[in-house]
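Student: The following block contains the structure, expressed as structure tokens.
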Amino acid sequence: MDLEHSAKHIRDRTFRELRGRLAGERRIVYQGFISHGPCTTRFLANAIALGILTVRPRATELLQAGLIELVGRTNREGVYRALSVREAADRVENARRPQQMQML
């Protein structure tokens, strides 16, 4: 397998993995950030009629998965925006690229 084909395979696998992580409440929160963001988790909880104790843990999971990012702060709360799944997958691939080059 050549290097270009290998990189495409990794990118496609990463894309599928990120999409697969979006289920149930996590998907609702992610879609909420797409529709209402950038915003705080408190604002989003009100906008999508879910409890803050449901939204905040899902936001943390989405942040760790690289599907949302912190873009600012307001009143001691984080302001987050959603990344497209493709944008998130590209960021993962770009982060891996230096490690891949070291292996050559």
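The values are calculated or read from the model by the stated rules, or taken from the named source; none is laboratory data. Remember, predicted model here, so these are calculated numbers, not experimental data. Here the Cβ is made from the backbone with ideal geometry for all residues, glycine too, and neighbour counts use every protein chain on show.
Student: Is it the case that V92 is surrounded by 11 or more Cβ atoms within 10 Å (Cβ to Cβ), at pLDDT below 85, of a type in the set (A, V, I, L, M, F, W, C) and within 9 Å of the chain's Cα centre (by Cα)? Outline the logic, then answer.
Tutor: Values: surrounded by 11 or more Cβ atoms within 10 Å (Cβ to Cβ): yes; at pLDDT below 85: yes; of a type in the set (A, V, I, L, M, F, W, C): yes; within 9 Å of the chain's Cα centre (by Cα): no.
In short, no.
Student: Of the residues that make up segment 32-49, is at least one among the charged types (D, E, K, R) and within 15 Å of A82 (Cβ to Cβ)?
Tutor: no
Student: What pairs come out if I take residues in segment 76-94 that are in a helix (DSSP H, G or I) and pair them with residues that are basic (K, R) whose C-beta lies under 8 Å away, six or more apart or interchain?
Tutor: V85/R19; A89/R11; D90/R11; E93/R11
Student: Scan segment 44-95 for residues that are on the phi > 0 side of the Ramachandran plot and among the charged types (D, E, K, R) and report the count.
Tutor: So the count comes out to 1.
Student: Could we say that R16 is more than 10 Å from the chain's Cα centre (by Cα), at pLDDT below 95 and surrounded by 17 or more Cβ atoms within 10 Å (Cβ to Cβ) here?
Tutor: Working: more than 10 Å from the chain's Cα centre (by Cα): yes; at pLDDT below 95: yes; surrounded by 17 or more Cβ atoms within 10 Å (Cβ to Cβ): no.
So R16 fails the test.
Conditions (1) under 13 Å from the mean Cα position of the chain (by Cα); (2) surrounded by 17 or more Cβ atoms within 10 Å (Cβ to Cβ), marked per residue:
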residue	(1), (2)
G24	no, no
R27	yes, no
C39	no, yes
A45	no, yes
G51	no, no
R73	no, no
E77	no, no
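Student: Restricting to segment 57-71, count the residues that are loosely packed, with under 15 Cβ neighbours inside 10 Å and not in a strand (DSSP E or B). Give the steps one after another, and end with the answer.
Tutor: Start the filter on segment 57-71 by keeping residues that are loosely packed, with under 15 Cβ neighbours inside 10 Å, which leaves 57, 60, 63-64, 70-71.
Going one step further and asking which of them are not in a strand (DSSP E or B), we end up with 57, 60, 63-64.
The total comes to 4.
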